[in-house]
Amino acid sequence: MPAHNQPAHAADPVLPGFHPDPSICRVGDDYYLACSSFEYFPGVPLFHSRDLVHWRQIGNALDRPEQLRLPVSMPSSGGIYAPTLRHHDGRFWLIVTNCSEGGGNLIVTATDPAGPWSDPIWAPGVPGIDPDLAWDEDGTCWCTVAGVAQVRLDPSTGQTYGTPHKLWSGGPGAKAPEAPHLYRIGDYWYLLIAEGGTERGHGVSIARGRTPAGPFEPCPANPILTHRGTDHPVQNTGHADLVQGPDGAWWMVFLGVRPRGGTPGWHVLGRETFLAPVTWEDGWPVVGEVAPDPSALPWPLSPGPVQEQRDDFDLTELRPSWISVRDRPCELCTTKERPGWLTLRARGGSLDEPDVVFTGRRQQDLTCRARTLVDPEQGRGGLAVRLDERHHYAIEASGTDVRVIARVGSLRTVVAELSVPAGPLVLALTIADPPPPHGPCTGPDVVSLGVEQPDGTFTELAALDGRYLSTEVAGGFTGRVIGMYAAEGTVHFDWFDYEPLDR
Ligand code: 6LW
């Protein structure tokens, strides 16, 4: 196992925050990457990079209701799972599973990955989740799914041909062979999979064969990537995809988590996307240390996208990084009603319900601050850190009342209350390291919620243990999202700030 005496931040993700199941493709000098999005709308965030390190979100593949309808019966961590993004024959092809009722496997295509993407082409004969697309020399398209099974597919119609056949089950005894990707590299077809489940036992294994349909021989060094049983700061590594870097060498993107605190460790940002180099020995890939120091990469780095701290809601469309729960009807979430403000209109559901009117962004930094200027005169709503409908902390305002609400599993409590003068006010939250002393039971972080006075000072109303908004407590496949919501009436937000804090 590699040594872990790396410089601080060397094991940073290239796409921090809830960005799991990365799939990557290269077109000339450009790289594109897609991730899972589960219960959020729009679905399947898409990113562009030239250096594999700095990624800019260029859109979402499923950003119209005709492409993505998530029913109210769908619980958190249902919805959109594990895309594969490929470029073939002058077009981008994205296949993904909608795991909600009435869903299934669907394909969308685009000539520009920033969109527009086509309406879905449904592929009902594809026999499982985590679908992959690969084309052989004669143009036949092979669709491989978790399990691991394969069927021939016409991706332009969704029609499958023949009966799905089993290819490989991964290492003996390993659970959940999934996330297959198939590549022609040199004289072989390589079948890359994840196995061991997406928890601490996660890993990546590979097999190779002479044809895309096998038979496949497993790599003697499997798993080629796992951090199970190590003290590496990045755990649960798996669900990978391969790409050639600007240097012509191979690189791997994969998901991992950063558990923090005492034992057993809690990860709060969801599954994030990491990068590692790949070399070849005897025709097998060997995965190097996660996230090498970017300044040591053998190609020039492009400047990263400017992280704008404030969104003033001055545009008629929301930035692509804003996500809502299940759907986002424009009559309930709009910047057009009160120009320069985001207006949210409740439809009955509070943060505890799957139909809450909530618009947020992924928490992407281990420590950060978020603030918003809210006008609660016509309704009740506020600022929340959301893991799912059963796990969230919020600071909420209605008229002259402000309260902090904590929901953990089936327990919901008002933790603190305050009366404020009528009119717009700033709600704020800070996510910071737990204060010392640290011990085996210390949590991953502390979430402080409060109001900001007109002179800028923060009045804390509650400081809550962040472990209850972690995947280890809540379960599921997502991560924290920080945003604004309306629980009753109409609530207006003038701006929203998100800033990473130095650690
Ligand atoms: C996805 C599977 C996985 O379908 O988690 O980690 C599942 N890998 O491949 C949900 O993201």
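Condition test on P277, is it free of Cβ contacts under 8 Å to residues at least 40 places away in the same chain and more than 16 Å from the ligand (Cβ to nearest atom)? For P277, the condition - free of Cβ contacts under 8 Å to residues at least 40 places away in the same chain and more than 16 Å from the ligand (Cβ to nearest atom) - is met. For region 24-46, filtering for residues that are within 12 Å of the chain's Cα centre (by Cα), part of a strand (DSSP E or B) and either within 14 Å of L94 (Cα to Cα) or of a type outside the set (F, W, Y) (or both) leaves 6.
Scanning region 454-503 for residues that are in contact with a Ser or Thr (Cβ under 7 Å, 6 or more places away or on another chain), more than 16 Å from the ligand (Cβ to nearest atom) and over 18 Å from L383 (Cβ atoms) returns a single hit, R503.
Yes or no, residue by residue, for (1) closer than 30 Å to A194 by Cβ; (2) of a type in the set (K, R):
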| site | (1), (2) |
| --- | --- |
| W280 | yes, no |
| G283 | yes, no |
| G288 | yes, no |
| P294 | yes, no |
| L315 | no, no |
| R328 | no, yes |
| L351 | no, no |
| P354 | yes, no |
| R361 | yes, yes |
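Does G186 satisfy being out of contact with any His (no Cβ under 9 Å at 6 or more places or on another chain) and of a type outside the set (S, T, Y)? Considered against the rule, which asks whether it is out of contact with any His (no Cβ under 9 Å at 6 or more places or on another chain) and of a type outside the set (S, T, Y), G186 comes out as yes.
Within region 223-273, the set of residues being touching a Cys at 6+ places or on another chain (Cβ under 9 Å) and more than 16 Å from the ligand (Cβ to nearest atom) comprises V243, G261, G262, T263. When G201 is tested against (1) touching a residue at least 60 places away in the same chain (Cβ under 8 Å); (2) over 19 Å from the mean Cα position of the chain (by Cα), only condition (1) is not met. Contact map, region 64-87: first residue over 22 Å from G270 (Cα atoms), second residue outside any loop (DSSP other than H, G, I, E, B) and among the basic types (K, R), Cβ cut-off under 9 Å, separation 6 or more or different chains; pairs are H87/R26. Selection over region 286-330 of residues that are surrounded by 18 or more Cβ atoms within 10 Å (Cβ to Cβ) and aromatic (F, W, Y) gives a count of 2. Restricting attention to region 176-219, which residues are over 18 Å from P127 (Cβ atoms), assigned to a loop (DSSP other than H, G, I, E, B) and within 16 Å of the ligand (Cβ to nearest atom)? Result: G196, G197, T198, E199, R200, G201, H202.
Scanning region 311-321 for residues that are among the hydrophobic types (A, V, I, L, M, F, W, C) and without any contact (Cβ under 8 Å) to a residue 40 or more places away in the chain yields one hit, L315.
Within region 429-458, residues that are among the β-branched types (V, I, T) reach partners that are assigned to a loop (DSSP other than H, G, I, E, B) and surrounded by 17 or more Cβ atoms within 10 Å (Cβ to Cβ) with beta carbons closer than 6 Å, at six or more positions or on different chains, in the pairs I431/D445; T442/G261; T442/P434; V446/P434.
Being assigned to a strand (DSSP E or B) and either in contact with a helix residue (DSSP H, G or I) (Cβ under 8 Å, 6 or more places away or on another chain) or surrounded by 23 or more Cβ atoms within 10 Å (Cβ to Cβ) (or both) holds for only one residue in L429, L461, and it is L429. From the set of residues in region 169-190 that are at positive phi and in contact (Cβ under 8 Å) with a residue 12 or more places away in the chain, which is surrounded by the fewest Cβ atoms within 10 Å (Cβ to Cβ)? Ranking the qualifying residues of region 169-190, first place goes to G186.
Every number in this text was worked out from the coordinates using simple rules, so none of it is lab data. Bear in mind the structure is a predicted one, so any value in this text is a computation, not a measurement. Backbone-built Cβ (ideal geometry, glycine too); neighbour counts: all protein chains shown.
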